[in-house]
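Novice: My questions will all concern the structure given below.
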Amino acid sequence: MTLGIVSSLDRTLATETGSLKGLIQTDAAVSSGNSGGPLVDALGHVVGLTTLASSSGVGSTANGLGFAISTTEMLPTLARLRAEANGAPSPAGYLGVELERRTDGGSGALVTKVVADSAAATASIGVGDVVVAIDGQPIDGDAGLVATIRDLGPGDRITVSVVRDGRTLEIGVVLGERPSGP
């Protein structure tokens with residue numbers, strides 16, 4: 001067991017296999033190969049599942065920076081996985097946009113393409129819009145938007161806040177179903 005300080009909540013990170021959201025950042029010792037244990041608070045309550053250690057990107061692991069998936073994020077996912085294991089389908093929500101990371105230092109995700117006949121197209125989300133929030137929750141980048149939509153289902157009604165021509169617009173969207181295939 002090690003001790004550490006939580007330095008950030010609700011972080012979103014892009015990994016080689018997808019985006020993770022709802023992460024708790026901690027300086028508790030996490031090394032490659034020993035992640036996966038519980039992250040507990042001072043009262044012994046499990047608040048997350050240690051998931052990864054930050055890497056410098058050159059093959060070494062950063063010291064003193066680890067991430068845990070919060071129980072707030074994990075428990076609904078576990079319920080969905082249990083339902084899938086019992087045969088219940090779990091289609092993913094689909095907005096229908098392609099994104100780029102912002103290079104101007106601002107938050108949000110830049111829309112670079114809108115798929116024809118998608119939920120985004122129906123709702124008039126356009127190329128050049130910057131998605132800054134979903135249902136009032138800030139979007140901190142393209143990975144954050146992908147992770148947020150991934151956790152929703154077809155038919156879910158959301159409010160997408162976009163910045164267009166310097167003005168913030170609130171756009172109601174009914175998500176579609178992610179198309180199958182590559």
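The values are calculated or read from the model by the stated rules, or taken from the named source; none is laboratory data. None of these values were measured; they are calculated from a predicted model. Note: ideal-geometry Cβ built from the backbone for every residue, glycine included; neighbour counts use all protein chains shown. In case anyone asks, the SASA skips ligands and DNA or RNA and just uses the protein heavy atoms, side chains included. Shrake-Rupley method; radii C 1.70, N 1.55, O 1.52, S 1.80 Å.
Novice: At 1.4 Å probe size, what's the solvent-accessible area of Ser118? Round to the nearest 10 Å².
Specialist: 10
Novice: If DNA, RNA and ligands are ignored and the probe is 1.4 Å, what is the ranking of Lys21, Lys113 by accessible area, most exposed first?
Specialist: Ranked list, largest accessible area first: Lys113, Lys21.
Novice: Ok, one more. Three principal axis extents, largest first, for the C-alpha atoms of segment 101-182, in Å?
Specialist: 34, 23, 22
Novice: Using the Cα centre of segment 36-182 as the reference point, and only Cβ charges (+1 on K/R, -1 on D/E), how large is the resulting charge dipole? Debye, rounded to the nearest 20.
Specialist: Using Cβ point charges on Lys, Arg, Asp and Glu, segment 36-182 gives about 160 debye.
Novice: To the nearest 10 degrees, how steep is helix 71-85 against the longest Cα principal axis of the chain, on a 0 to 90 scale?
Specialist: So the inclination is approximately 70 degrees.
Novice: Could you check how much of the accessible area of the chain is carbon and sulfur, as a whole percent, using a 1.4 Å probe?
Specialist: Roughly 53 percent, rounded to a whole number.
Novice: Next question, about the same structure. Say each of Thr77 and Arg164 gets a label point 7 Å from the Cα, pointing the same way as Cα to Cβ; how far apart are those two points in nm?
Specialist: The modelled label-to-label distance comes out at 3.3 nm.
Novice: Based only on Cα atoms, what mean projected area does the convex hull of the chain have, in nm²?
Specialist: Reported value for the Cα convex hull: 12.6 nm².
Novice: Work out, step by step, the length gained on full extension between Asn86 and Ser7: first 0.36 nm times the residue separation, then minus their alpha carbon distance; give nm to one decimal.
Specialist: The Asn86-Ser7 span can extend by a further 24.6 nm.
Novice: If I take every Cα pair under 8 Å that is 6 or more residues apart in the chain, average their sequence separation and divide by the length, what percent do I get for the relative contact order?
Specialist: 17
Novice: So what is the 222 nm mean residue ellipticity for the chain from helices alone, if each DSSP H run of at least 4 adds -39500 (n - 2.57) and you divide by all residues, rounding to the nearest 500 deg cm²/dmol?
Specialist: Estimated from H runs of four or more residues: -4500 deg cm²/dmol.
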